[in-house]
Structures are given as structure tokens and as C-alpha cells.
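None of the figures in this text is laboratory data; all of them are computed from the coordinates on show. No experiment lies behind these values; they were computed from the predicted model shown. All Cβ positions, glycine included, derive from the backbone under ideal geometry; neighbour counts span all protein chains shown.
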Number of protein chains: 2
Amino acid sequence: MTRWPLPEPMRMALDEAARAAGEGEVPIGAVVVKQGKVIAAAHNQPRSLCDPTAHAEVLAIRAAAAALGQERLEGCDLWVSLEPCAMCAGAISHARIARVYYAASDPKGGAVEHGARVFEQPTCLHRPEVYSGMGEAEAAELLREFFRERR
Amino acid sequence: MTRWPLPEPMRMALDEAARAAGEGEVPIGAVVVKQGKVIAAAHNQPRSLCDPTAHAEVLAIRAAAAALGQERLEGCDLWVSLEPCAMCAGAISHARIARVYYAASDPKGGAVEHGARVFEQPTCLHRPEVYSGMGEAEAAELLREFFRERR
């Protein structure tokens with residue numbers, strides 16, 4: 001049997017998530033892609049950076065915007081290992097990200113298909129296309145393992 | 001007649017907002033206070049910093065966390081000139097801000113009493129106390145003037 005490979009950006013996002021775990025951070029990774037090219041990759045770092053906003057998505061978006069020298073990431077896609085929270089969904093919308101691909105759903109902290117459902121609000125100024133599920137088992141297992149070891 | 005003065009942190013948040021306008025940024029300012037002492041002040045800077053996450057609240061929270069050398073701002077209050085958006089409300093919750101004081105409501109982009117109502121979600125892990133209205137006329141006029149000049 002041959003397992004269908006994950007798209008390269010999701011593979012990278014999951015590798016970033018694993019890197020976070022190795023640093024004692026909650027394992028979540030994110031990658032920003034423009035026209036097929038990875039322009040930023042990041043993982044969760046609130047502890048090491050002393051920054052409660054340093055989620056993988058926010059760090060990847062900030063790095064991508066800095067790399068492009070512009071505030072908005074029109075035409076860019078974000079690949080992330082977990083359903084974004086309200087803060088990150090808001091950042092995605094402000095950044096005008098075109099498409100969001102996330103691996104695992106997050107019923108506890110997610111704000112795309114759960115909770116605040118940021119993109120579904122009539123006041124949401126920019127709604128990306130959203131695709132979920134690719135790599136979800138691996139993303140969820142990284143998180144389970146991380147919290148299992150800490151209990 | 002003597003007009004009752006604004007609390008000092010709100011006065012500072014409004015002055016930060018005016019500073020943003022002077023730099024061509026949407027006039028919103030924020031201040032973080034701990035035990036009566038201002039530990040961070042910031043204004044909206046997404047354009048000048050090429051960073052879509054550079055809202056006043058996020059910048060003030062990041063600066064406060066860096067100043068304290070910790071990821072969480074327990075016992076800290078945030079004073080801001082406008083109702084926070086979903087991104088900023090999420091950041092406030094992640095930072096464990098104790099109290100939020102905001103001047104003007106924002107029916108278009110706010111996510112505290114409008115839209116995503118981030119703090120009211122059952123999945124919201126930390127809800128600050130929220131007080132609004134102080135300085136709202138001045139905060140709203142700064143915004144009106146800014147957009148009037150740009151039309």
C-alpha cells in the first residue's frame with residue numbers, strides 16, 4: 001500500500017509543530033505560501049519569546065509580511081496544523097490570506113468551525129477559503145503526545 | 001463648569017491614538033497598566049511596521065510581556081481607545097489581562113460587544129472584566145476626522 005503523500009506545505013507545518021514540541025512549546029506549526037513558494041514557516045513560541053501572541057500563525061504571517069514588505073498578504077495561503085483560534089483567525093482576516101488549510105479541528109480553542117466562528121461573522125471584512133482535514137491524525141497525535149508527557 | 005478628567009491611562013491611550021493619526025495610521029491607542037503603573041503604551045502601526053497584526057492592543061501586550069519577561073499578564077489592565085477586534089480580544093484572553101477599559105464601541109470591527117463576541121464564547125478560557133465608554137466621544141472623533149480627511 002502506498003500512503004498518499006501530504007502536500008509539501010502541510011508536511012512542513014507538521015514538521016514545524018514537531019519542532020515546537022522539542023522546545024517545550026505546544027506543537028503547532030504554520031507555513032505561508034505565495035505562488036507555490038514557501039515564504040514563511042513558524043511554530044508556536046509564546047514561552048520562549050515571552051509573547052502571548054506568538055502563535056504559529058501570527059509568527060508566520062508577520063514573517064511573510066516582513067519578507068514581502070507589505071501589510072497585506074493577498075494571494076497567499078496559510079497552512080497550519082491546528083484550527084486557528086480567534087486571535088489567529090482575526091490575524092488571517094486582517095492579512096487578507098486567500099486560503100487557509102488546517103489539519104486538525106480544535107473544539108476547545110478553535111474559532112473557525114467552533115466558538116467565535118470568526119469568518120462567519122457578518123462583520124468579518126475578509127473571509128479566506130478554508131480547507132481542513134489533511135494530516136489531521138498526525139497533528140492531533142503530536143498534541144496528544146505533548147500533553148500526555150506533561151501530565 | 002469643570003469637566004471630570006479621564007483616568008490617566010485612558011488619557012494616554014487617546015494620546016497614543018492621536019499619535020497614530022499623525023503617522024498616517026488608523027488612530028487607535030492602548031496602554032497596559034500593572035499595579036497603577038504604566039508598563040507599555042502603543043498605537044496602531046500595521047503600515048509602518050508592515051505587520052497586519054500590529055494593532056495597538058497587540059503591540060502593547062507584546063511590549064508589556066517583554067518588559068515583565070513573562071508570557072502572561074496576570075493582574076494587568078489594558079486601556080484602549082476602541083473596542084478590540086477578534087484578533088485583539090483573543091490576544092487579551094491569551095495574555096490573561098484582568099480588566100479591559102475601552103473608550104468607543106466599534107459596531108463594524110469590534111468583537112467584544114459585537115460580531116464574534118470573543119469573551120462570551122463558552123470556549124473562551126479567560127474572560128477579563130470589561131468596562132467601556134470613558135473617553136468615547138474623543139476616541140470616535142479621532143477616527144471620524146482621520147477617515148474624513150482621507151475621503
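Based on this model, can you work out whether A:Gly133 counts as touching a residue at least 12 places away in the same chain (Cβ under 8 Å) and surrounded by fewer than 17 Cβ atoms within 10 Å (Cβ to Cβ)? Here the answer is yes, as A:Gly133 does meet what is asked. Looking only at residues in the stretch A:51-85 that are assigned to a strand (DSSP E or B) and aliphatic (A, V, I, L, M), the one that is nearest to the other protein chains (Cβ to nearest Cβ) is A:Leu78. Can you tell me which residue in the stretch B:97-111 is farthest from the other protein chains (Cβ to nearest Cβ), limited to those that are part of a loop (DSSP other than H, G, I, E, B) and over 15 Å from B:Gln35 (Cα atoms)? Top of the filtered list is B:Ser105.
Scanning the stretch B:116-130 for residues that are more than 14 Å from chain A (Cβ to nearest Cβ) and buried (at least 16 other Cβ atoms within 10 Å of the Cβ) gives a single hit, B:Val130.
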